[in-house]
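This report refers to the structure that appears directly beneath it.
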Amino acid sequence: MRPVQRASAVVGAAFLLVGVLGFVPGITTHYDELRFAGHSGALLLGLFAVSVLHNLVHLLFGILGLLAVRLPGTARLFLMAGGGLYVLLWVYGSAIGEHTRANFLPVNTSDNWLHLGLGAAMILLGIAVTAAERARSDSPVN
């Protein structure tokens, strides 16, 4: 397995874990306020707004990351495009009000900053592992 595939697997597994933890009372505070979509009082780790839909998106994203592992190109695409989607989600979440109908996932300020960090990290990871692979393949064989 190439580094880009390992990176996709790690990121995918992390998203799967987060998706599952969003359904665990105690890890998700105010679990009784968990709604399917829209504003929900439920908070993953007491910090990040979650809903059933939000958790399902994390689970789906995790599955996509694990499926992308099969080919280096799809693993790279998952990291780069997925990172881009998370940066766009940061823009969207920052532009809408937390208690508006547009906040259907839902997201709060903590989610917004996490989405920016995740998006940037995924893009940088895709770039870094690709650059490392290319540098290794260009180096002379001993």
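The values are calculated or read from the model by the stated rules, or taken from the named source; none is laboratory data. Quick caveat, the model's predicted, so the values are computed rather than measured. Neighbour counts are summed over all protein chains in view; Cβ atoms, including those assigned to glycine, are modelled from backbone coordinates with ideal geometry. Note: areas computed on protein heavy atoms with side chains; ligands, DNA, RNA excluded. Shrake-Rupley method; radii C 1.70, N 1.55, O 1.52, S 1.80 Å.
Summary of computed values
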read-out: Whichever residue in region 1-26 is farther than 20 Å from Phe61 by Cα and in contact (Cβ under 8 Å) with a residue 12 or more places away in the chain and, among such residues, is surrounded by the most Cβ atoms within 10 Å (Cβ to Cβ); value: Arg2
read-out: Flag for Leu79 being open to solvent by 30 Å² or more (accessible area, probe 1.4 Å) and in contact (Cβ under 8 Å) with a residue 24 or more places away in the chain; value: no
read-out: Identity of the residue in region 28-76, open to solvent by 40 Å² or more (accessible area, probe 1.4 Å) and among the aromatic types (Phe, Trp, Tyr), that ends up nearest to Ile123 (Cα to Cα); value: Phe36
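Residues are listed down the side, and each one gets a yes or a no for (1) over 15 Å from Leu105 (Cβ atoms); (2) under 19 Å from the mean Cα position of the chain (by Cα):
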{"position": "Met1", "(1), (2)": "yes, no"}
{"position": "Val4", "(1), (2)": "yes, yes"}
{"position": "Ala13", "(1), (2)": "yes, yes"}
{"position": "Arg35", "(1), (2)": "no, no"}
{"position": "His39", "(1), (2)": "no, no"}
{"position": "Gly46", "(1), (2)": "yes, yes"}
{"position": "Leu60", "(1), (2)": "no, yes"}
{"position": "Leu64", "(1), (2)": "yes, yes"}
{"position": "Ala68", "(1), (2)": "yes, yes"}
